[in-house]
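Every number in this text was worked out from the coordinates using simple rules, so none of it is lab data. Since the model is a prediction, treat every value here as computed from it, not as a measurement. Ideal geometry is used to build each Cβ from the backbone, glycine not excepted, and the neighbour counts take in all protein chains shown.
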Amino acid sequence: MSNLRIDLDRLMDRIDRLGQVGALQGGGVCRLALSDEDKAGRDLVAGWMRELGLEVTVDRIGNVVGLRRGETDGPPVMTGSHIDTVATGGLYDGNLGVLAGLEVVETLNAAGVTTRHPLAVGFFTNEEGARFAPDMMGSGVHQGLLALDDCLAARGIDGTTLGGELARIGYAGESPVGGFRAKAFFELHVEQGPVLEEEGVEIGAVTGVQGISWTEYTIAGTSNHAGTTPLRLRHDAGYVAAAIATAAREIAREMGGDQVATVGVIELEPNLVNVIARRAKVTVDLRNTDEEKLRQAEAKLAEKLRELAEAEGVEVSARTLVRFQPVDFDPDMVGLVAETAAALGCSVKRMPSGAGHDAQMFAPNCPTAMIFVPSKDGISHNVREYTAPMEIAAGANVLLQVMLSVASQ
């Protein structure tokens, strides 16, 4: 293993400077995908790429990739993540994975090291899915798992289209999507959960990513007076929406294991205190590391919906928003992360990811792994998101060493 180490002060300076773009009170940041703030963040990071001598390309979905040439041509050993955020984001989610990649490059530049294989650092469009659905869009298109034209036509929460906003901010690139496949892909990311901190572990060697099923249900009932309509004569869309939320939780509790369920959106019409809702919209997020169990949860919820619709006399329609199967990362790459962390003196835990990440889009096409570092109190997607500098250094040094190892083969 190389005795090279990253420069923590330099990495933290970049994290702080990017965090000033779209800064929120309390220390967080808002850079929704393809917003003016996202453009400013993209300009800053792409500028750093060029300063480091990387060959920068922008593809048609707006992914930005910086290439560092090696002794031979061929597929690069790649790292990266995203710099778009949710509306109440922190400084580390996604950003750490991109900026640590730049720090790897600068460390090698400073040491005069040329790797056998090329290296690449990328940031991918609309990973969060907070403005346009689905999430992990840029990496999904890059790896051929999502259709370019469908994603360019995606309509945002503000009525804009993704393709239109790419053009508006100057990131509708000309490079073809999926112009290359990586030799290997590594993503450094904050855990966004409490496990590593609770167990006092410094590095997570991520074994895979949970499957994700997002469904939007629309319930059509009948508005009526809240005081004069007997319960037996109601067709209450609001009641059914609440029952869906309860049913999803009960299904997850009964199944146990890794099954989780979340209702994140409930909208009612006419949304008046004394009127039975005629219409409701509710979203359900189901996740599991096991595809068969995820399908079981979906089937159980669908059956419960049929029972509710019949009992209440309402119509329920379903629309799939996102459906990703569970992903297993390459065992050799996961092992390399774990062994490298241990060799650097870090405690290590092999663990799945409960959140979706760009790395899962690369996994079908190249050896892939992720490196987790702890999140204080398990908090993420929040202005209080925090990972200590020494934890960041540990993760970035693992990233440096695994990239060097594979790029030297």
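Here the range 66-139 is assigned +1 on the Cβ of each Lys and Arg and -1 on the Cβ of each Asp and Glu. Its dipole about the Cα centre then comes out at about 220 debye. Local charge for L11 was computed over the other residues whose Cβ lies under 14 Å away, with Lys and Arg +1 and Asp and Glu -1, and equals -3. With the cut-off at under 13 Å, measuring from each backbone N in the range 207-235 to a point 7 Å along the Cα-to-Cβ line of N274 picks out 225-229.
Sorted into 10 angstrom bins from 0, the C-alpha pair distances of the chain split as 5, 22, 30, 24, 12, 6, 2, 0, 0 percent. Taking a quarter of the surface of the Cα convex hull of the range 261-353 gives a mean projected area of 9.3 nm². Using θ = phi - 60° in the Karplus curve 6.51 cos²θ - 1.76 cosθ + 1.60, the 3J(HN,Hα) couplings for the range 278-294 round to 8, 8, 9, 10, 9, 10, 10, 10, 10, 9, 7, 7, 10, 4, 5, 5, 5 Hz; x is entered for Gly and Pro. Taken about its Cα centre, the chain carries a charge dipole of about 520 debye when Lys and Arg each add +1 at the Cβ and Asp and Glu each add -1 at the Cβ. With an a/c value of 1.5 or above and a/b not larger than b/c for the gyration tensor axes a ≥ b ≥ c computed over the alpha-carbon atoms, the range 132-277 is described as oblate. One Cα centroid belongs to the range 73-113, the other to the range 234-254; the line between them spans 42 Å.
Take 112-121, 313-322, 357-366 and order them by the average number of nearby Cβ atoms within 10 Å per residue, most first; the result is 357-366, 112-121, 313-322. Secondary structure note: in the range 1-156, about 70% of the DSSP beta bridges are antiparallel. A straight Cα-to-Cα reach below 19 Å connects K376 with the aspartates and glutamates D16, D93, E191, E197, E198, E199, E202, E385, E391, residues fewer than 8 places away in its own chain not being considered.
Among all the lysines, which ones have a C-alpha under 30 Å from K281's C-alpha, if same-chain residues fewer than 8 places away are not counted? Once the sequence-local lysines are set aside, what remains near K281 is K293, K300, K304. Most tightly packed first, judged by the mean number of other beta-carbon atoms within 10 Å of their residues, the peptides 157-168, 88-99 read 88-99, 157-168. The Cα center of the range 132-203 and the Cα center of the range 258-272 differ in position by 25 Å. Note down the net charge around P367, summing +1 for each Lys or Arg and -1 for each Asp or Glu among other residues with Cβ under 14 Å from its Cβ. Around P367, the surrounding residues sum to -2. Ranking I212, P118, C151 by how far each Cα lies toward the positive end of the dipole of the chain (charges on Cβ) leaves C151 at the top. Counting Lys and Arg as +1 and Asp and Glu as -1 over every other residue whose Cβ lies under 12 Å from the Cβ of G62, the net charge comes to -2. The HN-Hα couplings worked out from phi for the range 129-146 by the Karplus form 6.51 cos²θ - 1.76 cosθ + 1.60 (θ = phi - 60°) are x, 6, 10, 10, 9, x, 7, 6, 5, x, 5, x, 5, 4, 9, x, 9, 10 Hz, whole numbers, x standing for Gly and Pro. Annotation: the antiparallel percentage among DSSP beta bridges lying fully within the chain is about 70. Considering only L11, L34, I61, the residue lying farthest towards the positive end of the dipole of the range 9-68 is I61, judged by Cα position with unit charges set on Cβ.
Against the main long axis of the alpha-carbon atoms of the chain, helix 36-51 sits at an angle near 20°. Since only V275, G138, A394 are under comparison, the one whose Cα sits farthest along the positive direction of the charge dipole of the chain, derived from C-beta charges on Lys, Arg, Asp and Glu, is V275.
What the phi angles of the range 94-99 give under the Karplus curve with 6.51, -1.76 and 1.60, with θ = phi - 60°, is a coupling list of x, 4, 4, x, 6, 6 Hz, glycine and proline written as x.
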